[in-house]
Each structure stands twice: as structure tokens, then as C-alpha cells.
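The values are calculated or read from the model by the stated rules, or taken from the named source; none is laboratory data. Computed from a prediction, not measured in an experiment: that's the story for all the values here. Cβ placement follows ideal geometry from the backbone for every residue including glycine, while neighbour counts extend to all protein chains displayed. Each accessible area value is taken on the protein alone, full model and side chains, heavy atoms only, with ligands, DNA and RNA left out. Shrake-Rupley method; radii C 1.70, N 1.55, O 1.52, S 1.80 Å.
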Amino acid sequence: PGGLPTAAARQFPADFVWAVATSAFQIEGAADRDGKGPSIWDTFCRQPGAIADNSHGDIACEHYDRWEADLDLIQSLGAQAYRFSISWPRVRATGDGPWNEAGLAFYEKLVDGINARGMKAYVTLNHWDLPQALQDIGGWGNRATVDRFVEYAEAIGRRIGHKVASIATHNEPWVVAQLGHEVGIFAPGLKDRRLAAQVSHHLLLSHGRAVRRLRALELPASLGIVLNLSPIYPATDTPEDRAKARLEDGKLRRWYMDPLFKGHYPQDVLDHLGDDAPQVEDGDMADIQQPIDFVGVNYYSRGMASADNSFDSKTSGLPLTAMGWEVYPQGLTDLLVWLHRDYPEAKRLYVTENGGAFPDVVGADGRVHDADRTSYLDTHIAAVGDAIAQGVPMGGYMVWSLLDNFEWASGYEKRFGIVHVDYATQKRTPKDSALAFRDFVRGLKPAAQD
Ligand code: GBH
């Protein structure tokens, strides 16, 4: 493997955190074990045609049973931290009734296991798996779900908040609102623009109120939120394409960052939504604008905007991943530099997800050769180094993902792992990219690794 040569030529702060990331629904399995209730993704997977290979999360990577070996694996790859998410319906089956001690105990064991291996725990509370019982009464469209989420955040804070490094409220609220409630390709599979806007508001409100509740616990953990972001470039230099790019940036980035750090929604996007703009009650915007310690950035590709939607990534000339997403590391540098320029109030930025789906070649030697992924990681980590050199306060970089796993609507066909999973046997095999990542991190911090 031989490390990541482009990345190795960049400078990273000594306290920069190198990590791997997963989410509960994508790896745990054990969908109805030990008192777990169904989530909206358990339900969505049963909807005919919703998932490419008609799969589901019932078994996934069996991480619920294999967590100890998986933590050993993470440690062996040189990761200093592990970003994972908690399944809300595993710790409170209906999102409202009694707390499930078996679920809480599972995550406490996991955190203790991370700490015992000398790593840090980065927790995400909502990586999309809302309790189905809450969906049955309106889900994120129902303002009461905000209160349920704050209760959930407090329960997790009280149970494990004193022994984790970081708590993020939501993962990618844009995806939940847009892909879940407007486009309908993700759970709960709804197609209603006005509902989607209201959902985005409730997600932001629940974030702010959960942060306030967690602050009151005086935990050592840093508190923040994770957003999916891309720089949006106009496809051509025409005024029409430039206007489209500005609107798309408004919907993706400013819609979330402005409330979090400036206390208002962007006026151009409100105008665009017209009657579909969310209902906002007195005090909501102040609640959303709670001081936070970090923003997590999930970056996969750039966005291209053309007024007539004529841009086609297939003809752009850039390499594409197996998802059809363009490989564009410069976009990560631009994104981070522009984010820091526009929102200096965001004190620390992390890349909380970055990686790609690529074909694996299993060699005669049993090794899994994924040179495309190794190169992707190399150039994107270097892109983070370039942002740091331009003054962006970066806290860490987390590979998506540790394991091949349930890739949402794509099922198990798309593999994002730096570790290969043979689903027939659940055997884990570190791919060449995992070994390169390990060697790179070791090379940075030789003393800390042995
Ligand atoms: C993340 O979502 C998730 O947090 C994670 O769970 C998931 O496994 C991972 O990424 C990989 O998908 O169609 O070209 O316009 C990322 C979701 C990906 C949604 C990019 C928007 C737009 C690409 N985002 N996508 S494109």
C-alpha cells in the first residue's frame, strides 16, 4: 500500500483527529433484538422498489454482535477516534415510552470499549432512523417530535455524555428533509415540498434545544451538528447559471448555516419557497442559534448548477465513483475555505464523512485492491491540508466508511468501506485503502502509534 503520498506532503496540526465513521442502521442489524423498536428505515425497506436490491437492515454487518472485534479492527487501522450513531428506537422503542436499558447498555459498552482502546468517541444522535411510532403521529413534520428529540438527547447525555469526546445532534438534516420528504427516495418516502420545509425547521429547532439541554449537563463533550455540503459552481458563466448556483447554495448551505450562526433563514430561499416556507414561532430562531463547538462537514462531490438542468456529470470529464459522483478534491478545499470565510462564527470544522463507492478487486492473494479509493482518500486528505494552509480551523478527518454496509436506497450493492465485508460469512478484510490510511496516520504520529 505505502501510505498516501499526496496527503503526506501536507501539514496537519498535532491534535488533528484521524478517524473512521459508520451509522447505526447501516451496520448494526439486530433490528428487533433486546427491545429495539422499528425505525422509519425498517419500514421503508419493506416498501416495494424502495431499495435497489430489495434488502433491509435486519442483519447488515451484525455489528450489534460483533462490536468488540470491530473496535479491535478500528484500533488496528490506526484510527484515533470512531464516529458512530445511536439508534433512537434501540434506546426508546417508540420514541416516547419507557427507556430500553438493554439499548442504553449497548452504547455504554461500546463507548467504554472505544475508550479502553485509547480512542475517542464521536457520537451522532440522529443518523436518520427515527422511531416509526413517532412517524405514525407525523414524524419530523410534527412539532412534538422536537420535544421527544430533546428528551432523547438528554438521556444519552446523562448516560454516556461524560465519556465521549463529541456529540452531534443530526446527520445531514438536508437529506432528511429533502430526500425523505420532498424527493421521497429516502425514508419516510414522502413527496411534499411544504412538509419538507417544515421538517427542516423542526430538525434545526430540535438541534438548538437539544444543545441547550446538553449544555446544562456541563459535559466535557463538544457539541455540534453534521451537514452534507458541496460547493455549488455555475455550469457556465451566464447570469442564469450563476443565479441558479446561488439558489442551490442557499437551499443546501445557507438554509442551515444562516439559522445556526446568524439567526435567520436566507431571504432569497424564503422568497423561492413562497407559501411553502416553514411556520416559525416566536423564539424559534433564538433557540436554533445556540453556540456550538463545531460543524461537521460531509463531503463527497461538487455541485454543478445550470438553469436548464443540462449539466451532465457523465460528460464532465472527471472520474466518477460507482455512485456516479464526480471525483473533485479541489471542491473540498473550496468548500472549507468558503465556509470559514462566510461563517467565521463556526469555531471548528471537521470533515465528518469523506470517501467513495468503488469496485473492489479481490486478488489471488486474498487482498482487496481498491486503488481508486486509496487515490480518492489521498487527494481529499491533501485537499483538507490545503484548506488548513489557508487558515481554516480544521479539527479532524473521518473516512466514510469503516465497513462496506447498507447504503440506504442502494442497498448492499454499493461498497463504501475501507474494510471489505463478505456478507455470507461476515468476514472483514481490510482493503488496500485501509492499510494505506493506517500507514499514513502512523507516519504522521510515529510515537503515538506504538
Ligand atoms: C452520506 O449521505 C450519509 O451520511 C451516509 O450515511 C451515506 O452512507 C454516505 O453519505 C454515502 O452516500 O446525486 O450527484 O447530486 C450523503 C448523501 C450524497 C446526498 C450526495 C446528496 C447528491 C449527489 N448525499 N447526494 S448527486
Somewhere in segment 42-53, is a residue surrounded by 22 or more Cβ atoms within 10 Å (Cβ to Cβ), on the phi > 0 side of the Ramachandran plot, modelled with pLDDT of 95 or more and not hydroxyl-bearing (Ser, Thr, Tyr)? no
How about segment 226-314: which helices (runs of 4 or more DSSP H) wholly inside it have at least 1 residues that are closer than 22 Å to residue 214 by Cα and not acidic (Asp, Glu)? 255-262, 284-288
Of the residues that make up segment 390-398, is at least one modelled with pLDDT of 95 or more and within 14 Å of the ligand (Cβ to nearest atom)? yes
Hey, residue 413 open to solvent by 30 Å² or more (accessible area, probe 1.4 Å) and within 16 Å of the ligand (Cβ to nearest atom) or not: yes
So how many residues does segment 416-440 have that are crowded, with 21+ Cβ neighbours inside 10 Å and in a loop (DSSP other than H, G, I, E, B)? 3
Return yes when residue 406 is within 11 Å of the ligand (Cβ to nearest atom) and not in a helix (DSSP H, G or I) and no when it is not. yes
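A quick yes/no check of all residues on (1) within 12 Å of the ligand (Cβ to nearest atom); (2) under 25 Å from the mean Cα position of the chain (by Cα); (3) modelled with pLDDT under 95; (4) open to solvent by less than 30 Å² (accessible area, probe 1.4 Å):
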residue: 282; (1), (2), (3), (4): no, no, no, no
residue: 293; (1), (2), (3), (4): no, yes, no, no
residue: 303; (1), (2), (3), (4): yes, yes, no, yes
residue: 306; (1), (2), (3), (4): no, no, no, yes
residue: 314; (1), (2), (3), (4): yes, no, yes, no
residue: 336; (1), (2), (3), (4): no, yes, no, yes
residue: 350; (1), (2), (3), (4): no, yes, no, yes
residue: 358; (1), (2), (3), (4): no, yes, no, yes
residue: 375; (1), (2), (3), (4): no, yes, no, no
For residue 364, state whether it is more than 16 Å from the ligand (Cβ to nearest atom), in contact with a strand residue (DSSP E or B) (Cβ under 6 Å, 6 or more places away or on another chain) and part of a loop (DSSP other than H, G, I, E, B). no
Residue 320 is checked against (1) open to solvent by less than 40 Å² (accessible area, probe 1.4 Å); (2) of a type outside the set (Ser, Thr, Tyr); (3) over 20 Å from the mean Cα position of the chain (by Cα) and fails just one. What number does that condition carry? (1)
Residue within segment 115-124 that is open to solvent by less than 10 Å² (accessible area, probe 1.4 Å), of a type in the set (Phe, Trp, Tyr) and under 26 Å from residue 294 (Cβ atoms) present: no
It is to be established whether one or more residues within segment 203-219 are under 30 Å from residue 78 (Cα atoms) and at pLDDT 95 or above. yes
Can you say whether residue 147 is in a helix (DSSP H, G or I) and either open to solvent by 10 Å² or more (accessible area, probe 1.4 Å) or among the hydroxyl-bearing types (Ser, Thr, Tyr) (or both), as far as the supplied structure shows? yes
Is it fair to say residue 180 is touching a Pro at 6+ places or on another chain (Cβ under 7 Å), open to solvent by less than 10 Å² (accessible area, probe 1.4 Å) and at pLDDT 95 or above? yes
Here are 192, 237: which of them is away from the ligand (no atom under 16 Å from the Cβ), farther than 22 Å from residue 307 by Cα and out of contact with any strand residue (DSSP E or B) (no Cβ under 9 Å at 6 or more places or on another chain)? 192
Quickly run through segment 150-174 and pick out the residues that are open to solvent by 10 Å² or more (accessible area, probe 1.4 Å), outside any loop (DSSP other than H, G, I, E, B) and within 16 Å of the ligand (Cβ to nearest atom). 174
I'd like to know if segment 2-17 contains one or more residues that are touching a residue at least 40 places away in the same chain (Cβ under 8 Å), closer than 30 Å to residue 95 by Cα, among the aliphatic types (A, V, I, L, M) and buried (at least 21 other Cβ atoms within 10 Å of the Cβ). no
